[in-house]
Amino acid sequence: MTREQIEALQLEGLQETVRHCMHSEFYRKRFQEIGLEPGDIQCLDDLRKIPFTTKQDLRDTYPFGIASVPLEQCTRLHSSSGTTGNPTVILHTDKDIDEWANQVARNLWMVGLRPTDVFQNSSGYGMFTGGLGFQNGAEKMGMLTVPAAAGNSLRQIKFIKDFGTTAIHAVPSYLTRLKEVMDKEGVDPRKDTKLRIFAIGAEPHSEEQRKRIEEMFGVKAYNSFGMSEMCGPGVGFECKQQNGLHFWEDYYIVEIVDPETLEPVPDGEIGELVLTSIRREAMPLLRYRTRDLTRVLGRSCPCGRNHVRIDRMKGRSDDMMVLKGVNIFPIQIEKILMQFPELASNYLITLTTDDDNDNMTVEVELEELFTDDYQRLVALTKDIQRALKDEILLTPHVKLVPKGTLPQSEGKAVRVVDKRKVYQ
Ligand code: ADP
Ligand code: ZN
């Protein structure tokens, strides 16, 4: 589709969605408050007449208050994983589930998967949308789909070998764990498996982390973005160019705004991602503030798709640490750590208050143990500290620990523990 074709579809979808939202108690009231009528949406720029929707709105109307259809028309509910607070509920009709599967199928096809592939979904099932979302999409694409779910690495490896798994979906932090177990079991993914494509997502990760995963397994790993509020995985996905996430603009209108002024920022500038779902039935959300920080990379691509390309997420505004007045995102630290071949992929940042001073300790696992070589350890620690200081302007404590000793979650990785004293 050309940009004109995409935008024509978007306008039609937006107008229909705003009309449909008049069935939502929440949106009807909102529109009345500001005197907005569906007929006021004449062009895409008119989107800006509509107020933002926030996570707080979802919490205030918990569980079903934003729905735009009667509950009996809904066939599923999901809930966000609650990484940053109370969970929120998202309703789906049959049509929503089908459209969602279509987006995931589109992504998997885009990166070269075909019905002859065997797709193992090593992601949590249940309320977490990465399970059923990928399940339905992979089935719709026609692949043999293995609902392995998260964890139990020995069983995962057995499935990979026995079923000839060629593709896996998982959170990136889990895949590095899986490789550790493969190493222990003497399984070489290049020789002993047919793995060739990974979909990795649901949590922020750096380009360096992706490259590591690709090299560890000898596969191509594609970044997959989604959020429960929009449906789940499927919202954005990298094409074979790996030059940003194509967000599917026939399903969503993408805005990037300054989180303070809420005004749109120019392409290339970092801001908060705001999404409007324009094909959903049960619970469309208008101008939803995702709190994810990213930027527009372009609106065309050598792959031929003209759907907007969005940079990998820099983090969520909630993830930002403020230490001694400096704003720091965990991903900045990851980017540096991953540049050291001596380091494995698991790390943990702990913030503490010692003698009224805020401090940061970065614990990171060593790829190989050389704890007897004290001088080498000291030198490496210093190098890491120096590299971190260049990036975050502060010198954290750095602790090198043996591989497999830091906590490992089955779902999204927990990278920051904040134990600082709170001053009132
Ligand atoms: P929760 O908000 O409770 O974590 P979700 O499972 O709906 O529940 O998570 C959606 C969020 O996960 C996104 O808003 C984003 O912060 C993060 N996320 C999802 N995919 C990616 C990705 N590929 N890269 C970075 N962050 C991601
Ligand atoms: Zn592309």
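The residue that is farthest from Leu406 (Cα to Cα), counting only those in the range 380-391 that are surrounded by 11 or more Cβ atoms within 10 Å (Cβ to Cβ) and out of contact with any Ser or Thr (no Cβ under 9 Å at 6 or more places or on another chain), is Glu391.
Only residues that are part of a strand (DSSP E or B), within 14 Å of ligand 1 (Cβ to nearest atom) and in contact (Cβ under 8 Å) with a residue 40 or more places away in the chain were counted across the range 244-255, and they come to 4.
If you go through the range 258-290 and keep only what is under 24 Å from Tyr222 (Cβ atoms) and open to solvent by 60 Å² or more (accessible area, probe 1.4 Å), you end up with Asp267, Ile270.
Here Ile34 meets the list (1) over 30 Å from the mean Cα position of the chain (by Cα); (2) closer than 23 Å to Thr129 by Cα; (3) of a type in the set (A, V, I, L, M) almost entirely, failing just condition (2). What residue, among those in the range 294-321 that are more than 16 Å from Val416 (Cβ to Cβ) and of a type in the set (A, V, I, L, M, F, W, C), is most open to solvent (accessible area, probe 1.4 Å)? Out of the qualifying residues, it is Leu297. Just give me the residues in the range 220-243 being more than 10 Å from ligand 1 (Cβ to nearest atom) and open to solvent by 10 Å² or more (accessible area, probe 1.4 Å), in sequence order. Selection gives Lys220, Lys240, Gln241, Gln242, Asn243. Among the residues of the range 14-27, those that are closer than 22 Å to Tyr251 by Cα, open to solvent by 90 Å² or more (accessible area, probe 1.4 Å) and part of a helix (DSSP H, G or I) comprise Glu16, Arg19.
Within the bounds of the range 47-61, is there any residue that is within 16 Å of ligand 1 (Cβ to nearest atom), open to solvent by 10 Å² or more (accessible area, probe 1.4 Å) and among the basic types (Lys, Arg)? For the range 47-61, residues within 16 Å of ligand 1 (Cβ to nearest atom), open to solvent by 10 Å² or more (accessible area, probe 1.4 Å) and among the basic types (Lys, Arg): present.
Considering (1) over 20 Å from the mean Cα position of the chain (by Cα); (2) open to solvent by less than 10 Å² (accessible area, probe 1.4 Å), say which one Glu334 fails and leave the rest. Glu334 satisfies every listed condition except (1). Here Cys231 clears all of (1) within 16 Å of ligand 2 (Cβ to nearest atom); (2) assigned to a loop (DSSP other than H, G, I, E, B); (3) touching a helix residue (DSSP H, G or I) at 6+ places or on another chain (Cβ under 7 Å) except the condition numbered (1).
The values are calculated or read from the model by the stated rules, or taken from the named source; none is laboratory data. Remember, it's a predicted structure, so these values are computed and weren't measured experimentally. Cβ sites come from the backbone with ideal geometry, for glycine too, and all protein chains shown count toward neighbours. Side chains included, ligands, DNA and RNA excluded: accessible areas come from the protein's heavy atoms. Shrake-Rupley method; radii C 1.70, N 1.55, O 1.52, S 1.80 Å.
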